[in-house]
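The values are calculated or read from the model by the stated rules, or taken from the named source; none is laboratory data. A quick note: this is a predicted structure, and the numbers were derived from the prediction, not measured. Reconstructed Cβ throughout: ideal geometry from the backbone, glycine too, with neighbour counts over all protein chains shown.
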Amino acid sequence: MLILLCLLLNSQPTVAQEVTRVTMYGIGTTDVYDTYLSPQAYRGIDFRIARESTRMTKWWNGKLSRQTFFQADFGYTHNHADNNNTFSGLANWNYGLHYNFRITPHFRLLAGSLLDLNGGFVYNLRNGNNPASARAYINLDASGAAIWDFRIRSYPITLRYQLNVPLLGAMFSPHYGQSYYEIFVIGNAGGVVQVTSLHNNPSLRQLLSADFPLFHATMRLAWIWDAQQSAVNGLRTHTYSHAFMVGVVKKFVWAK
């Protein structure tokens, strides 16, 4: 939170920064549970796209890095009896700042915070009255990462691990048994936005990646574990996803 406040108070332009951008595509598995739609968990396949941009800034003697990360996933799942299916989707956008602790010339630890925006849906193919459930929430996350540059003989590899944990936020959620018609047409919207924290939104996102040269490009292989869960207004939800991603890393100098 202090890092984000520093950004607002000290918005100096940056000059000749190296920018790293990567777009990744992946596939994995997902486990979706939403008691607004069904008392059962649904499991299936997850398709995901992610785009990340990072660069160092001039703030705090050039030790503060800026990161934007967007990802969207689409899941197709079925229940244990295999007699019903759901579609689900979630888009997530992060904007964050990390302070860089250079432990050695080739190893860094990062600590900071993120603004975390999320929106999506779950659609149950057999439900009549309430076929869909909306997901909308915003969080302030604590974030940490470790980055290690090393070589296998003369072959360079960069490993990174990042963990984001939401600490405080707000979430839209109907009450148990309340329809969206009541909320948006009749106007019975009391209490549908609730404050969230670790007690009712214990979630995390993890990213493990490896960057390495291949011919004339730099490739990235990554694994994303996205665990989102909540217990709000008498409803329980979770989406647990594992996705393996591949992308191309681009680096260039950006001047302002």
- Task: May I ask you to list the residues in the stretch 55-71 that are buried (at least 18 other Cβ atoms within 10 Å of the Cβ) and aliphatic (A, V, I, L, M)?
- Result: Leu64
- Apart from one, (1) buried (at least 18 other Cβ atoms within 10 Å of the Cβ); (2) more than 28 Å from Leu221 (Cα to Cα); (3) in contact (Cβ under 8 Å) with a residue 60 or more places away in the chain all hold for Asn94; the odd one out is (2)
- How about the stretch 160-178: which of its residues are surrounded by 15 or more Cβ atoms within 10 Å (Cβ to Cβ) and over 25 Å from Trp93 (Cβ atoms)? His175, Gln178
- Message: Yes or no: the stretch 216-239 includes at least one residue that is more than 21 Å from Phe74 (Cβ to Cβ), loosely packed, with under 15 Cβ neighbours inside 10 Å and either under 20 Å from the mean Cα position of the chain (by Cα) or of a type in the set (A, V, I, L, M) (or both).
- Response: yes
- Those residues of the stretch 112-154 which are without any contact (Cβ under 8 Å) to a residue 12 or more places away in the chain and either of a type in the set (Val, Ile, Thr) or within 18 Å of Ser203 (Cα to Cα) (or both), in sequence order: Ile152
- Note on the structure: Subset of the stretch 112-158, residues among the aromatic types (Phe, Trp, Tyr) and within 19 Å of the chain's Cα centre (by Cα), comes to Phe121, Tyr137
- Task: For residues that are buried (at least 18 other Cβ atoms within 10 Å of the Cβ) and of a type in the set (Gly, Ala, Ser), scanning just the stretch 33-54, find the one that is farthest from Trp225 (Cα to Cα).
- Result: Ser38
- Query: Based on what the data block shows, is Tyr161 modelled with pLDDT of 95 or more, assigned to a strand (DSSP E or B) and farther than 26 Å from Asn79 by Cα?
  - Reply: yes
- Message: Name the residue that is nearest to Asp46 (Cα to Cα), counting only residues in the stretch 222-253 that are at pLDDT below 95 and charged (D, E, K, R).
- Response: Lys250
- Query: In this structure, is Val195 out of contact with any Phe, Trp or Tyr (no Cβ under 9 Å at 6 or more places or on another chain), at pLDDT 95 or above and loosely packed, with under 13 Cβ neighbours inside 10 Å?
  - Reply: yes
- Query: What number goes with the only condition from (1) part of a strand (DSSP E or B); (2) at pLDDT below 95; (3) polar (S, T, N, Q) that Asn188 does not pass?
  - Reply: (1)
- Could you check how many residues of the stretch 26-57 are farther than 26 Å from Ala134 by Cβ, out of contact with any Leu (no Cβ under 8 Å at 6 or more places or on another chain) and in contact (Cβ under 8 Å) with a residue 40 or more places away in the chain? 1
